[in-house]
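Read through the structure below, which is laid out as structure tokens, and then see the notes.
The values are calculated or read from the model by the stated rules, or taken from the named source; none is laboratory data. None of these values were measured; they are calculated from a predicted model. Ideal geometry is used to build each Cβ from the backbone, glycine not excepted, and the neighbour counts take in all protein chains shown. The accessibility values were calculated without ligands, DNA or RNA, using every heavy atom of the protein model including side chains. Shrake-Rupley method; radii C 1.70, N 1.55, O 1.52, S 1.80 Å.
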Amino acid sequence: MNKRFQLNKKWTLKLLSNNDIVITDKFKIPKKGIPAAVPGTVHTDLFNAQLISDPFYSDNELGLQWISECDWKYETYFDFPVDFNLEVETSLVCEGLDTIAEIVLNGKVVGFSKNMFVKYDLILDEILCPKDNHLLIKFHSPLKYVQHNKFPLEQFPSARHPDRVFIRKSQYSFGWDWGPAYPTMGVWKAVYLEQSGAVKIGSIRFNTLSIEKGTAITEVLIQLKSKPQSEITIEAQLSISEQSFTKQFQVQGNSEVKIDFDIPQAKLWWPQGYGQPYLYDLDVKVLDAHKNVLDQNSLKIGVRTIQLQLEDNGKNTFRFLVNSKPVFLKGANWIPVDSFIPRADDNVYKKLIQLAKEANMNVLRVWGGGIYESDLFYDLCDQLGILVWQDFMFACAAYPDNEEFLKDIITEAEQNILRLQRHPSIAIWCGNNENEWIWYRDTGSKPECMTGYHIFHHLLPDMLIRLDPRRPYWPSTPFGNENDPNSVESGNRHAWEIWSFWLDYKKIKNDRSLFVSEFGFQGPADYHTMRKAIPQKEFWPQSRVFEFHNKQDEGPERLIKFLSQHLPVVMETQDFIYLTQLNQGFALQSCLEHWRLRWPDTTGSIIWQLNDVWPVTGWSLIDSKLKTKLAYHFTARAFAEQLIAFKKTGDKIDLFYLNSAPGTFKGRLELKKLSINDGTISKINLDEFKNVRAFTEEKVVITSLDSIMTEDSVFLGTLFNEKDELISRNYYLQGEWKHKRFTHFQNEFTINLVAGENSLIISTEQVAFFVMLQHSQLQFSDNGFILLPGERKKLQIFGEILCNFDMSEIKIFSLNQYLK
């Protein structure tokens, strides 16, 4: 049986040089070093030792660049584990070193690292001692490394830091248009000693070959690390609740085993909104002739098929089929959870992915400028029915394709494909982010001329044919059949005309994308998140430091430009944050509703982006302190299974109802007209609302509304279920909010806590538009909602001070207060 001994204690961090280096007049890095965390990073160790200030505060980033220019060393001492045998081969396993490192044990060099995404398994031959083993890992500056190893830059068009392509390291760490430049170093994943038995399982893959009449035809592919010299038995058991299947296979002299399972009445894995994400237990054992267990592994797998349909009746499409059913993908792009990845604990992952589920998402895209995510990330997506669009780690550049570089990529890709292949959540492998598009845009040449083209169009797909042939592969995002990789005519698109190319979000009505894997709109982080990151004297929207916390070129200018098109421009900080967050919500709602109403021509929309790495004005729905922005709640409503949406075509205004749930919806629809001039609300009579079948779109207002629409009116549509619970609410406004005056809508809100529950009820006597509740430590289950007179809206409260908090500390915003 395998044994592991974690080497995660008593580490010390030192500069690789022998001299003290003075940081400030007060602090210096002592020659003896400082305590270090493993896993961890140099930056966080220095911060924890109080040798540097918070890297995210103010513009501290500018004064901390020296850290990445230095060479560092981690070292620890350990005794040989008492339950290990010195006579048995022992390995030192480094699951992740960031990045350029030399590994020395008891004075002998045992290995090197030059790829952050590769696990190094180093055999220790007669090096270990019973006591006081000295493990030293020397990390060399990534900035110096790329300067020394780069090729001629003119060959490699690249966004952001141009030298980053010469190192296999998370590309965002060099700085991106949403994050700071902190090229990290350190032991970022586990390090341990390992002893194995005579036979060890190397990898386990699982495929669903077909599903016919409820029976799933599946296979388990087991790769052993070495060929067994004597006969062994491989036993595989597949089970879920009342079903259990076991098969055994005798092996000798063969390191690969395939075991087939036919599963009658199979419980299928479905993405959220289409069914339950059922998971089977897969237990694999290696037994010797005496039935002793030599090795074993237990995994969760899902029974499902997935296809990418590129043509439908002679027309281009980009449609995912799960278990042969067309699925509209609704989700967001996922970036790393922190600039310093190891300090994000499991709760951060659990909270973010749960929030994605609660926002009615069924897909997350792991972006190619970050990392291949932790096992926990994919386990959670499996459990919650969240599909994963998985990029390989290449972004926004042309990459080297020399022999040494390609060899390293093969190792990186094979390790991560084998690690992730069994996850039912992974829907597609994608070669890179925007490489071909940027090449075409910047050079005018076809993507075939791009340096590194071979990686994404030959090397990676060839590897996947061997290792994971049942899952779709796409060379890049965006990509299609046209010369322009971002064409609307085929493939998938990045719709950055909105925001980045200065186009207003109302122009989205002209977009004909088949599938959108990136689009977005900026808004600031939560007020309290920004307040803790920016000094008081700089805490106003046009200060240098406030704008420093927006990393896009001309990002602050876009923020004000687009705000001025739709809403009042108020520069007091709290008001500015509310209004720009609201505008972000409007932008995402406009785009998401447009693409949902285009189904089946448009088949998915993935927002840029779900999360953030630091306190920033950026595209995320959830800020770095896990506080949801208004745009998160607008997204949740736009992605809901039942949605009502207004659409204007020419002079005609219609109201649509979408039911993307697997069951028939029964309920009622209510339509009201609000007069802004005098505050009156009148009900509009509708035809009887009919039950709507699963996965359908119905135009429920047959009579055009344009005949009763005026500049001083707002349409309000509300959908209720059979229990008379509000399911969806939407509005239609002629013109812009900034031009309206709500003289008859002066809101006074009443808030009452619900006894025995972590919830409150809010109400008002006048209609209130886009109500937001804000508290320094609490969050609320909904925000940015429309509240009608006399309604009592119940909100769940989340936070760490639920027992004792002052209700007066809750600040309430609504758009009404800015339109007086």
Residues in the range 287-315 near a label at ASP601, defined as backbone nitrogen under 16 Å from the 7 Å Cα→Cβ point? 312-315
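What do you get when you divide the Cα radius of gyration of the range 499-607 by 2.2 N^0.38 Å, with N the number of residues?
Details: Rg = 15.5 Å, N = 109, 2.2 N^0.38 = 13.1 Å.
The range 499-607 yields a ratio of 1.18.
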Nearest-ten-degree value, helix 573-597 long axis tilted from longest Cα axis of the chain: 90 degrees
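Mind putting a number on the dipole of the range 198-277 about its Cα centre? Charges go on the C-beta only, +1 for Lys and Arg and -1 for Asp and Glu, and I need it in Debye to the nearest 20. Write down the numbers at each step before the final one.
On the way: 8 positive and 8 negative charges, 54 e Å.
Around 260 debye, computed over the range 198-277.
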Among 95-102, 507-514, the order from most to least packed when residues are scored by Cβ within 10 Å on average: 95-102, 507-514
Using only alpha carbon pairs under 8 Å that are at least six residues apart, calculate the relative contact order of the range 241-326 and give it in whole percent. 18 percent
I'd like the Kirkwood hydrodynamic radius of the range 459-535, using the inverse of the mean 1/r over distinct C-alpha pairs, in Å. 15.5 Å
Return one number: the angle in degrees, 0 to 90 and rounded to the nearest 10, between the long axis of the Cα atoms of helix 346-358 and the longest principal axis of the Cα atoms of the chain. 40 degrees
Compare the peptides 219-232, 264-277, 396-409 by average per-residue count of other Cβ atoms within 10 angstrom and give them in order, highest first. 264-277, 396-409, 219-232
Please calculate the 1.4 Å probe accessible area of MET807, with all protein chains present, and give it to the nearest 10 Å². 50 Å²
Over the C-alpha atoms of the chain, what are the Rg and the largest Cα-to-Cα span, Dmax, in Å? 28.4, 89
Which entries of LYS169/LYS351; LYS506/LYS648; LYS690/LYS794; LYS629/LYS673; LYS647/LYS738 have Cα-Cα distances beyond 19 Å here? LYS169/LYS351; LYS690/LYS794; LYS629/LYS673; LYS647/LYS738
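Provide the gained length on full extension for the span THR411 to ALA49, in nm with one decimal, where the gain is 0.36 nm per separating residue minus the Cα-Cα distance.
Details: separation 362, 0.36 × 362 = 130.32 nm, distance 3.61 nm.
This chain segment gains 126.7 nm when fully extended.
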Nearest 0.05, what FRET efficiency do ASN347 and GLN642 give at R0 = 30 Å with Cβ-Cβ as r? 0.45
Counting only protein heavy atoms and using a 1.4 Å probe, what share of the accessible area of the range 595-744 belongs to carbon plus sulfur, as a whole percent? 46 percent
If you bin the C-alpha pair distances of the range 179-333 every 5 Å from 0, what whole percents do you get? 2, 7, 14, 15, 13, 12, 11, 11, 8, 5, 2, 0, 0
With the convex hull built on the Cα atoms of the range 293-405, state its orientation-averaged projected area in nm². 12.1 nm²
Length added when fully stretched, TRP502-ILE761, from 0.36 nm per residue minus Cα-Cα: 89.2 nm
Rounded to the nearest 500, what is the 222 nm mean residue ellipticity of the chain from helices alone, with -39500 (n - 2.57) per DSSP H run of 4+ residues and division by all residues? -5000 deg cm²/dmol
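Placing unit charges on C-beta atoms (Lys and Arg positive, Asp and Glu negative, everything else neutral), compute the dipole magnitude of the chain about its Cα centre in debye, rounded to 20. Mind showing how you got there, number by number?
On the way: 90 positive and 102 negative charges, 187 e Å.
My answer is approximately 900 debye.
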Placing +1 on each Lys and Arg Cβ and -1 on each Asp and Glu Cβ in the chain, then taking the dipole about the Cα centre, the residue among ASN115, LEU563, GLY314 whose Cα reaches farthest towards the positive end is LEU563
Could you grab the relative contact order for the range 143-264? Cα pairs under 8 Å, six or more apart, rounded to a whole percent. 17 percent
Longest principal axis of the chain (C-alpha) makes with the long axis of helix 555-566 (C-alpha) an angle, in degrees to the nearest 10, of 20 degrees
Return the tail of the calculated pair distribution for the range 602-668, meaning the percent of Cα-Cα pairs more than 17 Å apart. 59 percent
How big is the range 353-419 along each principal axis, measuring the range of its Cα positions in Å and listing the largest first? 45, 25, 13
Per residue, how large is the accessible surface of the range 1-111? Use a 1.4 angstrom probe and give square angstrom. 50 Å²
Where the range 414-516 is the region considered: accessible area per residue in Å², 1.4 Å probe: 36 Å²
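What is the chain's relative contact order, in percent, from Cα pairs under 8 angstrom and six or more apart in sequence? Intermediate results must be reported in sequence, preceding the final value.
Values: 1872 pairs, mean separation 71.6, N = 820.
Worked out over the chain, it gives 9 percent.
First compute the accessible area of the range 504-587 with a 1.4 Å probe, then give the percent of it belonging to carbon and sulfur atoms.
Working: 1410 of 2920 Å².
Carbon plus sulfur share of accessible area: 48 percent.
When ligands, DNA and RNA are left out and all protein chains stay put, how many square angstrom of accessible area per residue does the range 246-398 have with a 1.4 Å probe? Each step should come with its number before you reach the end.
On the way: 5560 Å² over 153 residues.
Counting only protein heavy atoms, the per-residue value for the range 246-398 is 36 Å².
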Which order do peptides 622-629, 54-61 fall in by mean Cβ count within 10 Å, highest first? 622-629, 54-61
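Based on Cβ point charges of +1 for Lys and Arg and -1 for Asp and Glu, what charge dipole magnitude is obtained for the range 657-697 about its Cα centre, in debye rounded to the nearest 20? Intermediate values should be presented prior to the final figure.
Working: 7 positive and 5 negative charges, 26 e Å.
Here the range 657-697 has a charge dipole of around 120 debye.
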Hydrodynamic radius (Kirkwood) for the range 545-623, which is based on Cα pairs only, to one decimal in Å: 14.0 Å
Could you order ARG470, ARG365, ARG693, ARG419 so the one with the most accessible surface comes first? Probe is 1.4 Å. ARG693, ARG470, ARG419, ARG365
For the range 1-140, which whole percent of the accessible surface, found with a 1.4 angstrom probe, sits on carbon and sulfur atoms? 50 percent
Send over the per residue convex hull volume for the range 105-212, Cα only, as a whole number of Å³. 226 Å³
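More than 24 Å apart: what percent of Cα pairs in the range 34-177 qualify? Intermediate results must be reported in sequence, preceding the final value.
On the way: 4402 of 10296 pairs.
Of the Cα pairs, 43 percent sit more than 24 Å apart.
With a/c under 1.5 counting as rounded, go ahead and sort the range 258-337 into rounded, prolate or oblate using the C-alpha gyration tensor (a ≥ b ≥ c being the square roots of the eigenvalues; past the cut-off, prolate if a/b is larger than b/c, else oblate). Please report the intermediate quantities before stating the final value.
Numbers: a/c = 2.71, a/b = 2.05, b/c = 1.32.
Taking the square roots of the gyration eigenvalues as a ≥ b ≥ c, the range 258-337 is prolate.
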Rounded to the nearest 10 Å², the 1.4 Å probe accessible area of HIS457 is 40 Å²
Largest to smallest accessible area among SER776, SER808 [probe 1.4 Å]: SER808, SER776
